[in-house]
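Taken together, the values in this text are just the output of simple stated rules run on the coordinates, not laboratory data. As the structure is a prediction and not an experimental result, all values here were calculated from the model. Cβ: placed from backbone, ideal geometry, glycine included. Neighbour counts: every protein chain shown.
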Amino acid sequence: MSVSSEKKLHGRRKSDGQDISLDLAKPVSIGILGLGTVGCGTVNVLARNAEEIARRAGRRIEIMQASARDLNKKRPCPTHGIKLVQDPWDVVRNPDIEVIVELIGGTDPARALIREAIAQRKHVVTANKALIATHGNEIFAAAQKRGVMVAFEAAVAGGIPIIKAVREGLTGNRIEWLAGIINGTGNFILTEMREKGRDFDDVLAEAQRLGYAEADPTFDIEGIDAAHKLTILAAIAFGIPLQFDKAYVEGISRITREDVMYAEELGYCIKHLGIARRVDGGVELRVHPTLIPNRRIIANVDGVMNAVLVKGDAVGPTLFYGAGAGADPTASAVVADLVDVVRALTTDPNNRVPHLAFQPDALSDLPILPMEQVETSYYLRMRADDRPGVLADVTRILGDLGISIEAILQKEPHEDESVVPIIILTHRIKEEYMNAAIAQIETLDVIAGSVARIRLEHLRRDWI
Ligand code: NDP
Ligand code: HSE
């Protein structure tokens, strides 16, 4: 171990030569806001790996103070030695604390607490993707002005160090696209429904018990959480400002068992993907259920696991995989940020890695494309009268709009029904043409009800 005498680190080996204890100069004092799933996970990891973390950071990290709403609640983490308070403002305003770790979530009071921490020249670590995606531009500008860091690795894909990978590891690349399963709760629900035939609500309740879900689980189910994360990833990948309001967002609540089954029959699996892609004229920013070929590795990412595919022009496709939610995996990312912050405490603010990977005055104004301009393939399911000419009517509408068909499947009618399910896979076409086609198909007398549409991506390495 190399030891800096300046920092007065003293390594002492036991006789077996394995255990090294450090007498570190002055610990870094941190304050944690929120002792829920991630807050307690962070306390546990900091306690369990204190020695290794200190050896990496160069100084010990000491939790001086922490806040939670209910101080009588039993916590699954050791709190002795930590001053527990109910009011998070006490922590933020504590002059002895150098780094604030915000693990409350949501906008209020998290935004005001972080702004105050920055105003007091404290560094911030947060797992709050909702806040970063919606108020990150303002928060980073304030941090830049004050010369402090705001680190947010845990905000995207739980324990996977994807921010670091895209922002630093792939910094030599022009990122072309990224696509990921970036909501653990949603992937857990889809996997349990597919593999065990479990009910949606029952699996969601389990995800909540396990601490995977957001305080408001509609964020997970309706794709909002994934869109927050995608907004952050796209900003870092393409050097654009955070623009959550421009993301197309669709969740998993309308996926039926029937669609899962038919997709499988056709060699695909349905995953909830966040996709950010650089195309002529702008950037696609979209979150929706997606059919992907079963043979892709990402199609086999199940349960609470997340995976993000990133395609760089130099490196080609890369894949990052790991737990997307949960106490310890998320704490792993929070603590990694803490170590980064401690290491950089004495560096010149102008020489730090920029928050959004690109220098703040070098962000691009590439527009986010409206969904109608996005080009993708489609899976369509409709219920049609079982009589001659029906398929011809449907394919004529598609053909007239320039939509070419890759496969058609006609299934047996369900019991007591006179209509038959028809499944069509199409080649790539702009969404506006598909919208027009669906609207026309739904007006046909021979079609019952509405047409179900799920987008389909092959995720080929030459997808640019
Ligand atoms: P929890 O709900 O488990 O914990 C929230 C904590 O904040 C609790 O200690 C709670 O106090 C406290 N708190 C809640 N509201 C307030 C308030 N208005 N004022 C002061 N304190 C408050 O959330 P998580 O730990 O799951 O999530 C924390 C953050 O991490 C969120 O931004 C979330 O999106 C993010 N995240 C979560 C992951 C996960 O797997 N859970 C993974 C990645 C990111 P009390 O305990 O007394 O109720
Ligand atoms: N609710 C989020 C998820 C937590 O399930 O992915 C991790 O960000």
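Structure values in brief
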read-out: Under 15 Å, Cβ to Cβ, from I397 - net charge with Lys/Arg +1 and Asp/Glu -1; value: -3
read-out: Fraction of the pair-distance distribution of region 374-456 above 19 Å, Cα-Cα pairs, percent; value: 29 percent
read-out: Neighbour net charge for L170 - beta-carbon separation under 12 angstrom, K R +1, D E -1; value: +1
read-out: Mean ellipticity per residue at 222 nm, deg cm²/dmol - from DSSP H runs of n ≥ 4 across the chain, formula -39500 (n - 2.57); value: -9500 deg cm²/dmol
read-out: Rounded if a/c under 1.5, otherwise prolate or oblate - region 316-421, Cα gyration tensor axes; value: prolate
read-out: Lysines whose Cα lies under 29 Å from that of K73, excluding same-chain neighbours fewer than 8 positions away; value: K83, K122, K129
read-out: FRET efficiency estimate (nearest 0.05) - Cβ-Cβ, R146 to H427, R0 60 angstrom; value: 0.70
read-out: Relative contact order (percent, whole number), the chain, Cα cutoff 8 Å, 6+ residue spacing; value: 15 percent
read-out: Listed residues V419, I270, G41: farthest to the positive end of the dipole of the chain (Cβ charges); value: G41
read-out: All aspartates and glutamates inside 20 Å of K411 as judged from Cα atoms, apart from same-chain residues fewer than 8 positions distant; value: E258, D259, E264, E265, D385, D386, D393, E442, D445
read-out: Fewest-first ranking of K311, K196, K411, using other Cβ atoms within 10 Å as the exposure measure; value: K196, K411, K311
read-out: Compactness index (Cα Rg / 2.2 N^0.38 Å), the chain; value: 1.10
read-out: Positive minus negative residues near I464 (Lys, Arg vs Asp, Glu; Cβ under 11 Å); value: +2
